[in-house]
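Reading through the structure tokens given below for one structure.
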Ligand code: SF4
Ligand code: SF4
Ligand SMILES: [Zn+2]
């Protein structure tokens with residue numbers, strides 16, 4: 001053997017040692033839980049067959065799909081409506097509230113009356129009236145109001161069992177304003193008088209077709225203070241830029257059901273699910 005043969009053989013041997021023996025390569029693993037994938041799971045993709053992993057992967061795929069759909073809608077609407085800012089408008093997502101309007105059940109009204117009557121014994125709570133925040137008429141309040149209208153008050157479902165979160169202080173505040181003096185039962189009647197003929201089924205009795213039927217100054221602190229993440233975000237956006245437009249996507253069963261462009265001036269539908277990506 002000549003001396004020039006050796007250099008070609010030595011690097012090859014070193015490379016094969018670095019690769020290790022055949023069959024020792026790392027087995028592909030589920031990208032979500034790390035479990036080694038079977039041949040069938042590898043054939044299907046990079047997620048194992050465990051229910052949790054398949055559900056998480058399906059949810060992520062739906063999320064990516066609706067995000068790309070809403071991006072396409074923003075761009076389409078920005079051109080069609082000649083509103084360039086819409087193409088880069090922030091996006092917030094809300095979950096569809098499925099219930100329809102229905103008359104309040106007699107038993108639900110009786111429960112609310114009983115709960116409000118029982119508050120009379122709560123001596124500790126002084127008259128209360130919540131300060132409106134953000135200021136009525138401001139851009140954050142207006143944009144937030146349009147957002148909650150689109151949402152149809154999903155958070156108010158808790159107000160059914162929570163008796164609208166009312167406390168003795170709200171009723172005492174009304175009583176303190178009455179001349180001549182009124183009774184606690186009058187205050188309860190006053191409150192029940194705000195229940196509309198129909199409310200959103202399975203939601204707070206004050207949850208009417210166009211939002212809360214209680215004037216803001218009659219609502220509980222919980223109701224006046226609560227803001228979900230989406231509402232916080234649009235308020236912050238409007239506080240920084242009163243003319244801001246926000247794109248609101250409504251999700252149902254993980255898919256985008258509809259989308260709207262919302263500003264302090266109002267909201268405009270971008271698309272309904274049945275229309276695909278067509279502008280109305
Ligand atoms: S606060 Fe959030 S969840 Fe409640 S009505 Fe407004 S947008 Fe919907
Ligand atoms: S009182 Fe109004 S804001 Fe409060 S939970 Fe009921 S409908 Fe919603
Ligand atoms: Zn897995």
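Taking 37 °C and 0.692 mPa s as the conditions, I'd like the Stokes-Einstein D for segment 169-252 in µm²/s, using the Kirkwood hydrodynamic radius from alpha carbon pairs.
210
Could you tell me what fraction of 2.2 N^0.38 Å the Cα radius of gyration of segment 65-108 comes to, as a two-decimal ratio?
Dividing the Cα Rg of segment 65-108 by 2.2 N^0.38 Å gives 1.91.
Can you give me the relative contact order of segment 89-231 as a percent, contacts being Cα pairs under 8 Å and 6 or more apart?
Relative contact order of segment 89-231: 37 percent.
Would you mind giving the average projected area, over all directions, of the Cα convex hull of segment 234-273 in nm² with one decimal?
Quarter of the Cα hull surface area: 2.9 nm².
Sort 192, 73, 175 so that the residue with the fewest other Cβ atoms within 10 Å of its own Cβ comes first and the one with the most comes last.
The order, fewest Cβ neighbours first, is 192, 175, 73.
For segment 89-231, what size does the Cα cloud have along each of its three principal axes, sorted from largest down, in whole Å?
Principal-axis extents of segment 89-231 (Cα, largest first): 52, 33, 23 Å.
For 199, 173, 146, which order do you get if you count the other beta carbons within 10 Å of each Cβ and list the fewest first?
Fewest to most other Cβ atoms nearby, the residues stand as 173, 146, 199.
Throughout, read-outs are computed from the coordinates displayed, never taken from laboratory work. Fair warning: this is a prediction, and the values are worked out from it, not measured in the lab. Cβ coordinates were reconstructed from backbone atoms using ideal geometry, including for glycine residues, and neighbour counts include every protein chain displayed.
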